[in-house]
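The values are calculated or read from the model by the stated rules, or taken from the named source; none is laboratory data. These figures come from a predicted structure and were not determined experimentally. Cβ atoms come from the backbone with ideal geometry, glycine included; neighbour counts cover every protein chain shown.
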Amino acid sequence: MSYRTACMKCLFVLLLIGIFAGTGVAAREANEKLTLGMTLNLVLVDAPQISPDGKQILYVRRSVDKMNDRYVSELWIMDSDGAHQRFFAKGSDGQWAPDGTRVAYVAEAQPKATPQIFVRWLDAPTGSQITNVDEAPSGVTWSPDGKQIVFTMMVPAHREGLEIKLPGMPQGAKWTPAPRIVQTLVYQSDGRGFLPDDYRHIFVVSADGGAPRQLTFGDWNDGSQSYGGGSGLSWTPDGSEVLFSGLRSKDFAYRPHESYIYAVKVANGEVRQLIKDKGADRDPLVSPNGKYVVYTEAPIKREAYTTSHLYIMNIDGSNSRPLSASLDQSPQGPMWTPDSSGVYFNVSSDGTRDLYFATLSGDVRKVTKGNHVLSVTSISKDGLAVAAVTTDYKPIDIYAFKIDDPQQLQQLTFVNEDLLHDVKLGQVEEFSYNSFDKLKVEGWITKPPDFQAGKKYPMVLNIHGGPAGMWNVGFDFGRQWLAAQGYVVVDINPRGSTGYGSAFANGISFDYPGPDYKDLMKGVDAVLARGYVDPRNLFVYGCSGGGVLTSWTVGHTDRFAAAAVECPVIDWLSFAGTTDSTNYYDAFFHKLPWEDPSEFLRLSPLMYVNRVKTPTLMIVGMLDRRTPHTQTEEFYEALKLLKVPTAMILMNDQYHGVGEWRSGHVTAPPSNYMRNYLYLQEWFQKYSRK
């Protein structure tokens, strides 16, 4: 994914924090309403992997550790038909050995609780720890012969200068700790805090355990362009090389969108560059026959969002060509066919996600079809595909289907069926409308579960983050919980959202926020026209990119009774130099702020705060590095000076996202998620108009 946003990568996909209810016939009528406490018993499933013989499926279960206010991950295993479900190991990132006899995974090790690589034989009662490293391993990948495992890990960097020695310190004295010395452009990361002074590199370790051997070196990150987790490691079938993506240049931090495909020889660490044309090349995957490499590539452009495409090249880097050029959407999770004749991949589009297939000549077809969010992560040699699937009313669960009969999905897990057996959910309706310039915009309306025709209901507009993001048909907890409180909940994908093509996503380039706000207001008008919403009691909230638009909204209209601005950017000028990302400048602004501050001022919600009349709640995490809490404080102080009703909630132990659990990466205690919605409810009730 090549989101070139204002670094507000607040994944709108609440699939990972939502809970869902089935649509099957229940033994008795569902009449219980959703409660926040149900999140504490929620089980989430993800990343199913079929064993090499096609007989078993490994997958991840995530749940809440109530005593320690955190999320925990476990690996579970079952037969390919869903039978014999059983616990396998504590941990995540499970990977089958090529012969199917073992599983490698990452789990916390005692006593220092640093994540380590473990390997467990299927006939063994427990796993064996095979690494004892100081930093968390990532991108665990088996060698073709099952004898080695490659992974990425951070290694310390050595920088010269600014070394001092304090005089006169008595032995045993307790002086103030030494300061943090920062000399790099990128020195912080949301979810991690201040970054250690180090780089990510590739290592190999024996599958039987031992000391890992470092394969790559240099003042850059191998296996990942960023300081985040490494990914996309791929062995050649003969086990001689490992392909990876990155930017092997000391000025990599100044070229955040640029990356290439490389190969490193396992025997001696020799590195060769396969792609030399400038672009964002990522996630290489070698074909089973060893002749080709499939990867994703996005051109480097100055725009809000750049669509990536699937490319293929020969193993030596020659004859690079696109496979998905006919598709105006970004591919995700490519998977080769066993005979190397084509590639399967997932595509998010129009609020759904499905499996696609591309031949080596670039013919693309859609494999699955449905009003669902379907993410295939593994396909067996005999054509059995496994996926995590959710729809408007069905829980996220593991499903399987034959690749030649994709419409016959078999549900294999039912992890939340008992929890939500008697819960009555609100009806979800898709709607679309023409915006101010006739552009078609899509959205979803969730009605209260006890909805009555002829009654007027308060309405909540929920604005997604990004802005490169997309509401989808996978059901999320927040949407249904607010509906259970008696609100009509409206989710809209305004221009700037992904899933509707490049032109739609770039409709906000150099004008964000602005036209997307107009899309949202036209959407509110379209819902009001249905006749069941009380126009006196309209409410609005959003986090990250949604926080930007919410603060912009209250500065441009007083039609809302109350608003909640969460983890926003309020002032683009002060945002510069304080966020953990530097790649938003050329996505939204023609010049740097010190060259021409006029654009930064024009598009800053703070510049319109004197127009705000709406009671506005501010919520942000104290650890937020993406949209630092100082942004929230600026707007809060301005509102207080103007005597606009406001309050500021500063969440402890909270990174960006206000209670979200994004892409399996824990960013907050589960309790903060509940607090967030309770504060929203209290604020909206306080300013409801009678």
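Only one of the numbered conditions (1) touching an Asp or Glu at 6+ places or on another chain (Cβ under 7 Å); (2) more than 30 Å from D653 (Cβ to Cβ); (3) loosely packed, with under 15 Cβ neighbours inside 10 Å; (4) of a type outside the set (G, A, S) is violated by P156, and that is (2). Evaluating L15 against the criteria (1) at pLDDT below 55; (2) assigned to a loop (DSSP other than H, G, I, E, B); (3) buried (at least 21 other Cβ atoms within 10 Å of the Cβ) leaves one unmet condition, (2). Among the residues of segment 411-420, those that are surrounded by 14 or more Cβ atoms within 10 Å (Cβ to Cβ) and either out of contact with any helix residue (DSSP H, G or I) (no Cβ under 8 Å at 6 or more places or on another chain) or within 22 Å of I77 (Cα to Cα) (or both) comprise Q411, L412, T413, F414, V415, N416, E417, L419. The set of residues from segment 391-413 being without any contact (Cβ under 8 Å) to a residue 24 or more places away in the chain and farther than 14 Å from S80 by Cα comprises D404, D405, Q408. Tell me which residues, restricted to segment 315-332, are under 19 Å from V473 (Cβ atoms) and touching a Phe, Trp or Tyr at 6+ places or on another chain (Cβ under 8 Å). Within segment 315-332, just Q332 meets the criteria. Filter segment 435-484 for residues that are acidic (D, E) and part of a loop (DSSP other than H, G, I, E, B); which is surrounded by the most Cβ atoms within 10 Å (Cβ to Cβ)? The residue in question is D476. For beta carbons closer than 6 Å, sequence separation of 6+ or different chains, a first residue in segment 208-224 that is modelled with pLDDT under 95 and a second that is part of a strand (DSSP E or B) and among the β-branched types (V, I, T), the qualifying pairs are D222/I202; G223/T152; G223/I202. Within segment 594-627, the set of residues being buried (at least 20 other Cβ atoms within 10 Å of the Cβ), without any contact (Cβ under 8 Å) to a residue 60 or more places away in the chain and in contact with a strand residue (DSSP E or B) (Cβ under 8 Å, 6 or more places away or on another chain) comprises M618, V620, G621. Looking at segment 606-634 only, could you name the residues that are more than 27 Å from the chain's Cα centre (by Cα) and assigned to a helix (DSSP H, G or I)? Residues satisfying the conditions are L606, M607, Y608, V609, N610, R611, E634.
Residue check: is D251 acidic (D, E), crowded, with 16+ Cβ neighbours inside 10 Å and either free of Cβ contacts under 8 Å to residues at least 40 places away in the same chain or closer than 15 Å to S138 by Cα (or both)? When the stated conditions are applied, D251 does not pass them.
Every residue, every condition in (1) buried (at least 18 other Cβ atoms within 10 Å of the Cβ); (2) assigned to a loop (DSSP other than H, G, I, E, B); (3) in contact with a helix residue (DSSP H, G or I) (Cβ under 9 Å, 6 or more places away or on another chain), yes or no:
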{"position": "V182", "(1), (2), (3)": "no, yes, no"}
{"position": "V186", "(1), (2), (3)": "no, yes, yes"}
{"position": "G191", "(1), (2), (3)": "yes, yes, no"}
{"position": "P196", "(1), (2), (3)": "no, yes, no"}
{"position": "H201", "(1), (2), (3)": "yes, no, no"}
{"position": "V205", "(1), (2), (3)": "yes, no, no"}
{"position": "D208", "(1), (2), (3)": "no, yes, no"}
{"position": "T216", "(1), (2), (3)": "yes, yes, no"}
{"position": "W220", "(1), (2), (3)": "yes, yes, yes"}
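With respect to the numbered conditions (1) in contact with a strand residue (DSSP E or B) (Cβ under 7 Å, 6 or more places away or on another chain); (2) part of a loop (DSSP other than H, G, I, E, B); (3) closer than 27 Å to M674 by Cβ, which one is the sole condition not fulfilled by A113? That leaves (1) as the condition not met. Selection of segment 610-631 for residues being touching a helix residue (DSSP H, G or I) at 6+ places or on another chain (Cβ under 9 Å) and not aliphatic (A, V, I, L, M) yields N610, R611, K613, T614, P615, T616, G621, D624, T627, P628, T630, Q631. Among the residues of segment 124-167, those that are in a strand (DSSP E or B), closer than 28 Å to G100 by Cα and not hydrophobic (A, V, I, L, M, F, W, C) comprise S128, Q129, S138, G139, T141, Q148, T152.
Please tell me if D404 is modelled with pLDDT under 95, more than 30 Å from M78 (Cβ to Cβ) and of a type in the set (D, E). When the stated conditions are applied, D404 does not pass them. Going residue by residue through segment 259-271, is there one that turns out to be closer than 25 Å to A47 by Cα and among the hydroxyl-bearing types (S, T, Y)? Within segment 259-271 (the criterion being closer than 25 Å to A47 by Cα and among the hydroxyl-bearing types (S, T, Y)), the answer is no, since none of the residues qualifies. Of the residues making up segment 389-402, those that are of a type outside the set (S, T, N, Q) and either part of a loop (DSSP other than H, G, I, E, B) or in contact with a Pro (Cβ under 7 Å, 6 or more places away or on another chain) (or both) are D392, Y393, K394, P395, I396, I398. Among the residues making up segment 266-283, those that are part of a loop (DSSP other than H, G, I, E, B) and either among the polar types (S, T, N, Q) or surrounded by fewer than 19 Cβ atoms within 10 Å (Cβ to Cβ) (or both) are A267, N268, G269, E270, K276, D277, K278.
Are any residues in segment 284-321 hydrophobic (A, V, I, L, M, F, W, C), within 20 Å of D339 (Cβ to Cβ) and either in contact with a helix residue (DSSP H, G or I) (Cβ under 9 Å, 6 or more places away or on another chain) or outside any loop (DSSP other than H, G, I, E, B) (or both), and if so, which ones? Matches in segment 284-321: L285, V286, V293, V294, L310, I312, M313.
Going through (1) surrounded by 14 or more Cβ atoms within 10 Å (Cβ to Cβ); (2) in a strand (DSSP E or B) one by one, F87 falls short only on (1).
All of (1) at pLDDT 95 or above; (2) surrounded by 19 or more Cβ atoms within 10 Å (Cβ to Cβ); (3) of a type in the set (A, V, I, L, M) hold for A529 with one exception: (2).
Taken residue by residue, segment 92-106 has no member that is at positive phi, surrounded by fewer than 21 Cβ atoms within 10 Å (Cβ to Cβ), modelled with pLDDT under 95 and not acidic (D, E). Can you find, within segment 296-317, the residue that is nearest to L243 (Cα to Cα) among those that are at pLDDT below 95 and of a type in the set (S, T, Y)? The qualifying residue nearest to L243 (Cα to Cα) is T296. The residue list A564, A505, A529 contains one member that is under 20 Å from the mean Cα position of the chain (by Cα) and among the aliphatic types (A, V, I, L, M), which is A505. Among the residues examined, G466 qualifies as farther than 15 Å from Y532 by Cβ and touching a Ser or Thr at 6+ places or on another chain (Cβ under 9 Å). Whether a residue is touching a Leu at 6+ places or on another chain (Cβ under 9 Å) and farther than 23 Å from A587 by Cα was assessed, and V205 does not pass this test.
Quick check on segment 225-239. Is at least one of its residues modelled with pLDDT under 90 and acidic (D, E)? Checking segment 225-239: not a single residue is modelled with pLDDT under 90 and acidic (D, E). Name the pairs whose Cβ atoms lie under 8 Å apart, with the first residue in segment 113-128 and in contact (Cβ under 8 Å) with a residue 60 or more places away in the chain, the second among the polar types (S, T, N, Q) and surrounded by fewer than 21 Cβ atoms within 10 Å (Cβ to Cβ), and 6 or more positions between them or separate chains? Hits for this filter: I117/Q129; V119/S128.
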